[in-house]
Amino acid sequence: MWLRTECNITFDVSVATPFILMLRPRSGMHQWVARESYTLKPSVPVIEYTDNFGNLCQRLVAPPGEFIIRTSADILTRDGIDVHPGAPFAEVQNLPDDVLTYLLPTRYCESDKFIELGREIVADASPGYDQVAAIVAWIRDNILFNPHSTHFQMSAVEVNYQREGVCRELAHLGIALCRGLCIPARMVVGYLHRLEPMDFHAWFEAYVGGRWYTFDATQQCLSGGRVTVAYGRDAADVAIFNQFGPALYPRDMSVRVEILDSAPD
């Protein structure tokens, strides 16, 4: 399917502030960026680089005053999501080198603290894909997905204690439980068509059966219409913006995803 994504962010900047932005989707195996627009007001010099996870990052210094970021892209993405019940567990000694980092505990995914709980959750599941599916089902049954939750920026331990969170927190818990079972897992941030309420979305992928598969504990039905912006070990790696200086929160932010009837001209 063809999707058009749009993001508008407005900051009120008090002093010149360095930013790192991560707002550009990249073309890859499951999506193709056919058209892209990226504007800054006022216009400032930007340096782009690719981080250790292959994400496209933009460095700039925002001047004092109103600073507006507008992005738009037309993207061909998949209508559905691949599923593979029964896909086998990938032995650690056989994992590709670049997958190994997604086995380790991180700031928001303290997987070493979830080994026993993970074993309890997957006790009756076959090693591999079915274990991850059991983890997702357990999260849906035990953790409230609340997009308006006042609990945010939580680690897996914290969301397991609070028993609720936004999409990012549920992804952290899923990732930590997978890694506790020696299943590589990574966070994904991007857009999801028909997400309610509309915003940036986070989910996770697990490496089983020799490839990455998508899992999303916030959605009852695993749907396509996803546009990936960034991959990382946890939320610290995939922030859509980081500023260095006085704490800044957007004065206004809006996200829009619409389906296109045909390929863009």
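Please treat every number below as a calculation from the coordinates, not as lab data. This one's a predicted model, so the numbers in the text were calculated from it and none came from an experiment. Note: ideal-geometry Cβ built from the backbone for every residue, glycine included; neighbour counts use all protein chains shown.
Between the helical axis of 129-142 and the longest alpha-carbon principal axis of the chain there is an angle of about 70 degrees. With the convex hull of its Cα atoms as the shape, segment 92-237 has an orientation-averaged projected area of 8.1 nm². Other residues lying with their Cβ under 9 Å from the Cβ of Thr5 contribute a combined charge of -1, Lys and Arg counting +1, Asp and Glu -1. Net charge near Pro147: determine it from the other residues with C-beta under 10 Å of the C-beta of Pro147, scoring Lys and Arg +1 and Asp and Glu -1. Its environment carries a net charge of -2. Electrostatic tally near Ala176: other residues with Cβ closer than 10 Å to its Cβ, Lys and Arg +1, Asp and Glu -1, net -1.
Rounded to the nearest Hz, the phi-derived 3J(HN,Hα) couplings of segment 187-197 under the Karplus curve 6.51 cos²θ - 1.76 cosθ + 1.60 (θ = phi - 60°) are 8, 10, 10, x, 10, 9, 4, 6, 5, 10, x, where x marks glycine and proline. Residue separation of Ala16 and Met198 scaled by 0.36 nm, minus their Cα-Cα distance, works out to 62.5 nm of gained length.
Were the residues from Tyr38 through Ile68 laid out at 0.36 nm apart, the gain over their Cα-Cα distance would be 9.7 nm. Based on alpha-carbon atoms, the Kirkwood radius and the radius of gyration of the chain give Rg/Rh equal to 0.97. For segment 26-38, putting each phi into the Karplus relation 6.51 cos²θ - 1.76 cosθ + 1.60 with θ = phi - 60° gives couplings of 10, 6, x, 4, 10, 7, 10, 8, 8, 8, 8, 10, 8 Hz, in residue order, rounded to whole numbers and with x for Gly and Pro.
Against the empirical curve 2.2 N^0.38 Å, the C-alpha radius of gyration of segment 9-120 lands at a ratio of 1.51.
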